Amino acid sequence: MSSSLLTTSAMEAPMSSSLGAMGPLLRKLHSLLAPDHRLPKPLKHGIELLKEDLEELSADLLEQSMADTPNHKAVYWMDEVRELSYEVEDCIDDMMLRHAGDGVKTRAVRSHRVSRVKVYRLFKSLKPSTRVSKITELRTLVLEASERRERYHLDDCASRSSPVFTRHNPVPGLYGQATDFLVGIDDLKIKLTKWLTEDADQQLKVMCIDGPAGVGKTTLAKQLYCELGEQFDCWAFVRASRTSDTKRLLGDILSQVQHCRLPSYSCEVQNLIDNLTKYLQDKRYFIVIDDLWETTWDIVKSAFPDGNNYSRIITTAETDGVALECCGSQSDNILKMKPLGSHASAELFFSIVCGSEHRCPDQLKEVSYRFIGKCGGLPLATICIAGLLASQTDNSELWHHLQKCLCSNLSTSPTLEEMLKEVLNLSYSCLPHYLKTCLLYLAMYPEGFTMWKVDLLKQWISEGFITAKEEKEVEEIADSYFYELVNKGMIQPEQINHNDEVLSCTLHHTVRDLIMYKSKEENFITSIDYSKAITGNSNMVRRLSLHFSSAKYATKPSGVILSQSRSLFFFGLLRCLPSDVEFKLLRVLILDFWGNQYGHTSLNLTRICSLVHLRYLKISCDIIVELPAQMRGLQYMETLEINARLSAVPLDIIHLPSLLHLSLRDETNLPDGIGRIRSLRTLQYFDLGNNTEDNVLSLGGLMNLQYLHLTYSTVQSDEHLKRNMVALASSVIKLVNLKSVILAPGALSTAIYHDVLSSVYSPPVFLQGLQKLDLLPPICMFSSFPKDIGAVRKLCYLNLVVRELRRNDIDSITGLPALTVLSLYVRQPPAESIIFNNGAFPALKYFKYMCGVLCLAFQEGALPNVHRLKLGFNARKGQQYDVLLAGIQHLVNLKKIDGIIGAAEGAEEPDRSAAESAFKDTIHKHSRFPSYVNVKRVDWVEEENEPRTEVNSSSSKCHEILQEQRGVNETEEDTKQFADSGVTNQIMQMSPQHMDLCAADTKLTMPSNNRMSFPEKLHDNIAAEAVSFSCTTSSGSSPKSSSAPSSHHSLPETYTWDPEGSPWSRALSPPTPRNTSAPQSAMHPMLSPEDHISRAEGTWSTAYFHPLPLPPSAISQVKATLSNQPAPKVEMSLVAGQWEKRKLIGSGTFGDVYEATNRYGSVIHISLWLFMLNSECWFTSI
């Protein structure tokens, strides 16, 4: 490559592990030389010379970094130049900040479109002679580095360059179908499935999957867990690590089986063992412990009671000794996984490279089989090399070159471990600089940690690893980098939603070993276990990760130079956190404190404003966080996420000019004027209960907002609620860039829903960009189906509750081209079948339909791509089930069906059995469907049969409010037209501890035959009923299901919230559960068996909380504290019916407001206009 091209490439380079800060530094110097910066001539001349010297040096560095095998001198020289680039940039930044003063921002040249670089007062606080001498000093250092390059004769070292694969993998959704990678091991899966479901032995049994690294043990175990976990009372999937941390592992198992966030570090090991043993007693449980090592099992096994409940444990291990120890020396319980045969390996390789072998070009088939042979039958190696080659099918010369490189680096008889390491090393070497950098950054997280994609993307951006391009946003570029690493097999997806979007990921320990070695080699990441002796870290630390494996021996790290650190990830104990004054150059700061903090009750960050370069701040803890009174000095701050209680929110947070993502707990009071943060793209959670009316109105100024999550967690007054609802409608309609809207109940007090899309005559322009509309039940209910949603053509995810669904209502949305996830909850049984016509829902992959009566019909060609159905209905006394799912055989791509069967009033066990039998018989009409059908029995699938109460509309007060806020004058005719429609919303009083128990697919229900007063019995019901149906009796759940113990009555089917939607869906996760004293470790976010290789289908998708459905007795302790009486049943539909409408409060464009009362409290009833439908909205204040 020519010198000019190298210089240009270096100039455009982002911050990277290979080039250090050279690219950003050159761009900063270039911006300083722009004509609009009036610098003294000597200073400007010095900067010009420094820039020229650095351009030459950067070109040499880039050339050396591309060398195939640089010698020791070249490696030493590159390390020196990288460190020099950091030092020069730090010096330039420091001089720029000395002059800046308040209101002047010196932003890096990687900026978003919402901000610009302002450096016009550069260096004025320093004397000209001082500035010139400093530049001269820097030039001297640069020239010395250039001279050493010549002295080392490094030109010869760069003669051979390693190939770099810069084109994107053309194979979409490589990990979208997890079963595609279970090739060649069908027999093993069948054997384990029978062992889990058909083994007649009632005693606890342990099976260990034993095999070398990369052979597919985790994939097989996870597949079984996802498919069969729901047959058990409770389950958990956790990862061990080579670092012995028994306390963390036990705590994570306990948190998952109990489905609550328990402190992994606050209890002693013996207490955790006792608690886990007590909880699992008399339950049928299924535990998977992945990647077990020698020092862990001996203690962990004592926590699992034997019992006679068909409980099962699966472990995975790489050594025979650990496998034998797990199985009590019973070799029959060890499942040996061997490498794939040549045929299965070829099937896997060709499926990734080009879809199938017959599509592979003839000139590549021979070399392909050579690659397959060098992978040794290890799926991980095969996936990595195939993912690397998939983008180069038209370059046979490159294939042969790589094959020769791989062969030359392997010995004549390599072991499987050597093969895997060499394949991974080759794959890493062929990555471009930007992908290497992003991959190495994952070493900041501890081993076994689950990393969320949305967090990684924002961190990469804040670090400067992503450079903006004119045609793409930086978020889009970062997202493409992530999927390149996924498709090349370097990172492993953990959770995948129904849109085949990866939500979270992890690292194989062999890949982690590789990137840890590379990071240390380039002094890119320094990872320290501060519970062990710290050695070998005398170099300047640029990015520091501090974590611990033993609380007993943890101490504050010493002997490490921290002042030059640009990033700090700190996990664990507050007492070991270094002082924030030691980190003056931080760009990224992540603090994660959970569990016992040994007397510390607060985290003092009042001096954080001294971190003037800070761009990304994320805090997760169960103690109070104290922020400074003013944060205006953090001019670069892009992401502020605090998952903790705040003593107060700084009032001047609204003046942070670069803030893009703001995430605070839902009960947080935001300062007035939040709409002044014009740059904001993500806002969660905006609490309608804790914010003023003016602040709600100010939301209309957030013109760049894309992701909005609204909650209501605190009861104020009826007047406050009413005014905020009207203000919200007038604000949100202005947000033309919205992609995702979530309206969720808060975690405290009254849960409320209000539709931000109200007050429109027809589908507004801003709806056209909406991708996700999540109207979370049981809070929201439409009186009838909102047909105008069919105009929102980009909609991918839709979650709705409707009171009634007519036969043709569904036709209004069947043509949505992008809709992949649809959840419908119908409260009144339809009078006739709901028919899906030919071509309906062309993109739909997941369909959930809950209704008291199941009567669906699918014509040929309907739902052509649907993979999964989840259907719920009630058995009825004496009913004959002639037609449940007519035309089910026409769903040609259907892979899984879940049935949820409740009981209507008067139905008995024979009626349930008849309904279940009819459902299974219907499903078996599908020619390709397996014999096993997952059917759950629940108390009741919620429905209502009462006639709807009609509410007339007329008013004055809402009209006055609307005129006051929006300056809109309306005629009586207009008012009446709008008042004739609205949204019906049900709300509930919910305590925080009960909110924590609400799992995926949960709702609060009561059978119709138990008409208890709503407020009086609600708390009892939540504890008993707000749990998943997954923990109830399951058809075919064991070889002797009738004898398998059941510690709890069957529970009601519950609503689901699915974290689907846009690629940034996790940016709008629901409110963090309020059980802050009992967090679940971030090392093992709960993996639901429904996820099917992490296919997230109903999760609280926060960084550290992925709940599983709660097992039958999980809430017994909570329930006991609330009531000694049997759990009542609450029917949401009766809220409206039990309240008496009283006087008219007011009316306006959005409808009428009435007061309604009973002996328990009062309610406000508001009729709202939404999608031109007749709907009603209930807001309760108890």
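Some notes on this structure:
- Residues being of a type in the set (Val, Ile, Thr), crowded, with 20+ Cβ neighbours inside 10 Å and modelled with pLDDT of 90 or more - total across the range 486-534: 8
- For the range 616-633, residues that are part of a loop (DSSP other than H, G, I, E, B) and in contact with a strand residue (DSSP E or B) (Cβ under 8 Å, 6 or more places away or on another chain) total 1.
Okay, residues lined up against (1) surrounded by fewer than 18 Cβ atoms within 10 Å (Cβ to Cβ); (2) assigned to a loop (DSSP other than H, G, I, E, B); (3) hydroxyl-bearing (Ser, Thr, Tyr); (4) touching a His at 6+ places or on another chain (Cβ under 8 Å):
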residue	(1), (2), (3), (4)
Ser549	no, yes, yes, no
Ser563	yes, yes, yes, no
Pro578	no, yes, no, no
Val581	yes, no, no, no
Leu585	no, yes, no, yes
Leu603	no, no, no, no
Thr606	yes, yes, yes, no
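- Flag if Val511 is touching a strand residue (DSSP E or B) at 6+ places or on another chain (Cβ under 9 Å) and closer than 30 Å to Tyr225 by Cβ: yes
- Among the residues of the range 485-525, just one is at positive phi and acidic (Asp, Glu), namely Asp500.
- When residues in the range 141-172 are screened for being exposed (fewer than 15 other Cβ atoms within 10 Å of the Cβ), at pLDDT 65 or above and under 26 Å from Cys430 (Cβ atoms), 3 of them pass.
- Pick from the range 800-845, criterion assigned to a strand (DSSP E or B) and among the aromatic types (Phe, Trp, Tyr), ranking: nearest to the chain's Cα centre (by Cα): Tyr825
- Cβ-Cβ under 6 Å pairs, at least 6 apart or on other chains, the range 18-42 side over 30 Å from Asn523 (Cβ atoms) and outside the structural domain of Leu57 (by TED's automatic domain parsing), far side surrounded by fewer than 14 Cβ atoms within 10 Å (Cβ to Cβ) and among the hydrophobic types (A, V, I, L, M, F, W, C): none
- Ile496 being over 22 Å from Lys28 (Cα atoms) and either under 19 Å from the mean Cα position of the chain (by Cα) or in the same structural domain as Glu641 (by TED's automatic domain parsing) (or both): yes
- From Phe858, Phe836, Phe841, residue being within 18 Å of His924 (Cβ to Cβ) and either at pLDDT 90 or above or surrounded by fewer than 22 Cβ atoms within 10 Å (Cβ to Cβ) (or both): Phe858
- Matching residues, the range 462-486, being among the charged types (D, E, K, R), in a helix (DSSP H, G or I) and without any contact (Cβ under 8 Å) to a residue 24 or more places away in the chain: Glu476
- Tally of residues being farther than 20 Å from Glu418 by Cβ, of a type in the set (S, T, N, Q) and without any contact (Cβ under 8 Å) to a residue 40 or more places away in the chain across the range 342-386: 3
- Against the criterion of being free of Cβ contacts under 8 Å to residues at least 60 places away in the same chain and either in contact with a Leu (Cβ under 9 Å, 6 or more places away or on another chain) or at positive phi (or both), Leu389 qualifies.
- Qualifying residue in the range 369-379 (condition: in the same structural domain as Met419 (by TED's automatic domain parsing), on the phi > 0 side of the Ramachandran plot, out of contact with any strand residue (DSSP E or B) (no Cβ under 7 Å at 6 or more places or on another chain) and not acidic (Asp, Glu)): yes
- Qualifying residue in the range 329-342 (condition: among the aliphatic types (A, V, I, L, M) and under 31 Å from the mean Cα position of the chain (by Cα)): no
- Scan the range 497-521 for residues that are out of contact with any Pro (no Cβ under 9 Å at 6 or more places or on another chain) and within 19 Å of Lys217 (Cα to Cα) and the total you get is 7.
- When Pro414 is tested against (1) in contact (Cβ under 8 Å) with a residue 40 or more places away in the chain; (2) under 19 Å from Ala213 (Cβ atoms), only condition (1) is not met.
- For the range 238-252, residues that are crowded, with 23+ Cβ neighbours inside 10 Å and not basic (Lys, Arg) total 7.
- The one condition from (1) more than 17 Å from Ile619 (Cα to Cα); (2) in contact with a Lys or Arg (Cβ under 7 Å, 6 or more places away or on another chain); (3) not basic (Lys, Arg) that Gly675 does not meet is (2).
- Residue match in the range 645-655 (condition: basic (Lys, Arg), surrounded by fewer than 20 Cβ atoms within 10 Å (Cβ to Cβ) and under 23 Å from Val732 (Cα atoms)): no
- A single member of Thr319, Thr296 is assigned by TED's automatic domain parsing to the domain that holds Lys194, among the hydroxyl-bearing types (Ser, Thr, Tyr) and either closer than 20 Å to Lys191 by Cβ or surrounded by 17 or more Cβ atoms within 10 Å (Cβ to Cβ) (or both), and it is Thr296.
- Scanning the range 176-199 for residues that are at pLDDT 85 or above and under 31 Å from the mean Cα position of the chain (by Cα) gives Lys189, Leu192, Thr193, Leu196.
- Those helices (runs of 4 or more DSSP H) of the range 294-407 in which at least 1 residues are out of contact with any helix residue (DSSP H, G or I) (no Cβ under 8 Å at 6 or more places or on another chain), considering only elements entirely within it, cover 320-326, 342-353, 362-374.
The values are calculated or read from the model by the stated rules, or taken from the named source; none is laboratory data. Computed from a prediction, not measured in an experiment: that's the story for all the values here. Here Cβ is always computed from backbone atoms with ideal geometry, including for glycine, and neighbour counts include all displayed protein chains.
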